[in-house]
Each structure stands twice: as structure tokens, then as C-alpha cells.
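Structure first, then comments.
The values are calculated or read from the model by the stated rules, or taken from the named source; none is laboratory data. What you are looking at is a predicted structure, and each value in this text was computed from that prediction instead of being measured. So basically every Cβ, Gly included, is an ideal-geometry build from the backbone, and we count neighbours across all protein chains shown.
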Amino acid sequence: MLTQLDLRYFKCFASLQLPLAPLTLLSGTNASGKSSVMQALALLHQTMHDHEWSDKLMLNGSVVDLGTVADVVDQVYGRRECMIALLDNEMSYQWTFTGEREDMAMAVTQVKIDDVEVKNPSSLQRLLPSSHGKSSLTQRLHRLTYLTAERMGPRELYALDAPQHTPVVGTWGESAISILYSGRDDQVVPTLALPDRPPTRLRQVEERMKQFFPGCVLDINKVPRTNSVTLGIRTSSATDYHRPVNTGFGLTQVLPVVVAALSARREDLLLIENPATHLHPAGQARMGHFLAEVAAAGVQVLVETHSDHVLNGIRRAAKDNTLPSEDVKLHFFRPRSEQPEGTASHMAPQVESPVIDANGNLDRWPDGFFDQFDKDMNYFAGWD
């Protein structure tokens, strides 16, 4: 499991040391660096997946398109260089990358494993151990799922691809229906399987979707002589199956999240932005609890959210002991422009990290951390 991510001169961070846990929640104001944390991991995944033996960090590819070095490297302090480091099962890995500001890839100029510099670094992947406990870092970075906030909407047809080619749902959820169909009979992680239903991917996804959309039933059929499938959705036993475009938009936005979670293996990395998009408050809280269940099953989850309901779902999971509170990290990001006056911005903390206890309580609530409801109520009461 990844226990820390360090960044230097990467996008808006002059320096960041971010502890990670089985479930890590990233929150904060807009443009404060939350997505940058996920993109750093996505870049490693993209380079290893798309360009297996590349000696460069590929800034554009099938997962993210970040532009040029000028878009990625902190222009104030980094100029041409940035660093990404991971602490994984007590082993540390550090990559330093350089490039001209107009370049769309960055050369690997230094690699350290456990603080020992590797001579003549050749590629990102070759430098990682082939085996490492139950799952190597290489394997987990290869299988990493990064699901962005901009997910694909309902479609008439969904492309069908070989599962070896698309083992995850894709950045926009574009492969979710494909892997749900091709892996419909695959077993889910046993501790995630709900009782009284077959422990297979399709049936368990269907059962989980009912927690968000009561009565939900899925019907996936291959279109003859094509590499595509159709998706039928029923939300009540009193109705027939409908095309996705004729169901609530939230359903097709939540489905890739559920498919990604139930397709993951133990020790996989799951990165999700805005998992509760288009869900009502109760559904958002259920999503927080569901992601805690996924983390408790051994899948490492990083989630970015603006929803206090998602946070409260995670707090409830800590209180009912679905996931021990020490397995949750909460991080609140502020833009560097909001750092205290008189403090060098590259030294001031950009992240505050409230601690959650076994009862779901937080040791502090930084200003701006899911407190807008209280501020509004104080205003209406005439207290502000």
C-alpha cells in the first residue's frame, strides 16, 4: 500500500509531503491542487502502461493530457525540473524529471530506491522490483484506475473491447460497460460481496446500484456481428427496461464508480474524482460509506470530493467500524495564493489534515472545510 506521496515543483506545489491511507479523502477550494495529486500518480501509470520501457515521463496519453513541461512544472521554483516520490510498503521510490518548457515529455534524470541512487536510469518500470509482497508496485501502477469528474454520459451503444486491452473502466468511464459485460461472471473481492446474490461482478454491481437507485436492474446484450453492447436499465418492477438516456443522469454517472470498485483486486489503486456526481444527499452519504467498504476490502482508494455528505458517509463507516478510523486520511487543500502574508509561499503549508477518531469525530475543522452550511445558518440567524 502507498503510505506517502511526495511532490516537488509539480504544478502548484513547490513541496508536498502527503500521507496516504487505505482511504484518503482530498477536499479543498477550487484550483488548490487536489487533482494534481491524482495526476502525479496517473502520469506514472500512463507512462508505464502506454510506453512500457520509456525513459521519459509522458505528459500526454490515454489517461491524461497535461500539455508541456511549462504546464506541469512550478514556474516559480522548478522551471525545468520536478520530482515524484512514493513510499510503498516501507520502500521509497523517487524519480526526478527534467525537460525544456515546450517539451511534451520529461527525461528521467535521477532515480532513488530507498535513498540509494540508481546508476544509469533507463526506464520507469525496469527500476521497480518485479515482486513486492503480494503485489508489486509495478503491477499496481499498471492496473491503477483514474476516474475523472468528467465521465461519459448515457449512450445508445457501448464499445466492447478485449478485457486484456481495457482491464479498468477508463478515465471517463468509457470502458465500464465493456468490462462489466466481459467480466460479468468474474468473482468480486469476497469481503465486498453482498449476501443472497451470486458473488459475480454483474450481479454484485446490480445489487450495489440498488443501494443508490432502489429497484435497479441491468440488462446488457451484445449486438450481433459488432463489437458493441446495449445497456437496458430498469428502476422498478412495474416498468420495462429503458435506454440509458431515458433514466436519471446520476445512474450512468455512478455506475462506472461501482463497476471500477467491484472490478478491482486487493491492493489495486482506485482514484476517483467527484464520486457522488448527480446523487441526492442520502446517496452521497451512501457513496462515502461504500468507498469505505471498498477500502476495508483491501483496495486503496483516493477520492476527491466537495461533498460534506460523502465525508459524513466515511465518518459513519468509521463509527460503525466498517473501516478503522486510522485507515482514513483527510486532507484539506488551499491555493498557494491564500498562504499567510509574510510567509514564503514555498514553505507555507498548503494542506491541513484533520484526524478522524473511532466515533467519526474530527479533531478540528479548518476554515473552509465543509463548513459552508454552518456559515449560512449563522448568517440567517443574524449571528454573522
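Cβ-Cβ distances below 7 Å connect the following pairs, each with a first residue in the stretch 311-329 that is within 14 Å of L362 (Cα to Cα), a second residue that is among the aromatic types (F, W, Y) and part of a loop (DSSP other than H, G, I, E, B), and a separation of six or more residues or different chains: L311/F370. The number of residues in the stretch 228-255 being touching a residue at least 60 places away in the same chain (Cβ under 8 Å) and in contact with a helix residue (DSSP H, G or I) (Cβ under 7 Å, 6 or more places away or on another chain) comes to 5.
If I filter the stretch 30-39 for residues that are at pLDDT below 90, surrounded by fewer than 21 Cβ atoms within 10 Å (Cβ to Cβ), farther than 28 Å from E150 by Cα and out of contact with any helix residue (DSSP H, G or I) (no Cβ under 8 Å at 6 or more places or on another chain), do I get at least one hit? No, the stretch 30-39 contains no residue that is at pLDDT below 90, surrounded by fewer than 21 Cβ atoms within 10 Å (Cβ to Cβ), farther than 28 Å from E150 by Cα and out of contact with any helix residue (DSSP H, G or I) (no Cβ under 8 Å at 6 or more places or on another chain).
Kindly provide the set of residues from the stretch 58-105 that are of a type in the set (S, T, N, Q), under 15 Å from Q39 (Cβ atoms) and not in a loop (DSSP other than H, G, I, E, B), ordered by number. Within the stretch 58-105, just N60 meets the criteria. Would you say T3 is surrounded by fewer than 21 Cβ atoms within 10 Å (Cβ to Cβ), closer than 30 Å to P324 by Cβ and in contact with a Gly (Cβ under 7 Å, 6 or more places away or on another chain)? No: the conditions fail for T3. Could you list, in sequence order, the residues of the stretch 293-316 that are touching a strand residue (DSSP E or B) at 6+ places or on another chain (Cβ under 6 Å) and small (G, A, S)? A295 - this is the single residue of the stretch 293-316 that is touching a strand residue (DSSP E or B) at 6+ places or on another chain (Cβ under 6 Å) and small (G, A, S).
Restricting attention to the stretch 259-275, does a residue exist that is farther than 21 Å from I179 by Cα, in contact with a helix residue (DSSP H, G or I) (Cβ under 6 Å, 6 or more places away or on another chain), of a type outside the set (G, A, S) and surrounded by fewer than 24 Cβ atoms within 10 Å (Cβ to Cβ)? Steps first, please.
Keep residues of the stretch 259-275 that are farther than 21 Å from I179 by Cα, which gives 274.
Narrowing further to those that are in contact with a helix residue (DSSP H, G or I) (Cβ under 6 Å, 6 or more places away or on another chain): none.
No, the stretch 259-275 has no match at all.
For (1) crowded, with 20+ Cβ neighbours inside 10 Å; (2) closer than 24 Å to H142 by Cβ; (3) at pLDDT below 95, each residue gets a yes or a no:
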| site | (1), (2), (3) |
| --- | --- |
| S15 | no, no, yes |
| L20 | yes, yes, no |
| L26 | yes, yes, no |
| L41 | yes, yes, no |
| T47 | yes, yes, yes |
| M58 | yes, yes, yes |
| S62 | no, yes, yes |
| Q75 | no, no, yes |
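Tell me whether the stretch 90-101 contains one or more residues that are in contact with a Pro (Cβ under 9 Å, 6 or more places away or on another chain) and hydrophobic (A, V, I, L, M, F, W, C). Scanning the stretch 90-101, I find at least one residue that is in contact with a Pro (Cβ under 9 Å, 6 or more places away or on another chain) and hydrophobic (A, V, I, L, M, F, W, C), so the answer is yes. Checked against (1) buried (at least 16 other Cβ atoms within 10 Å of the Cβ); (2) modelled with pLDDT of 95 or more, D320 passes all but a single condition, namely (1).
The residue pairs whose first member lies in the stretch 342-357 and is closer than 23 Å to D327 by Cβ, whose second member is at pLDDT 50 or above and of a type in the set (F, W, Y), and whose beta carbons are closer than 6 Å, counting only pairs six or more residues apart or on different chains, are V351/F333; E352/F332.
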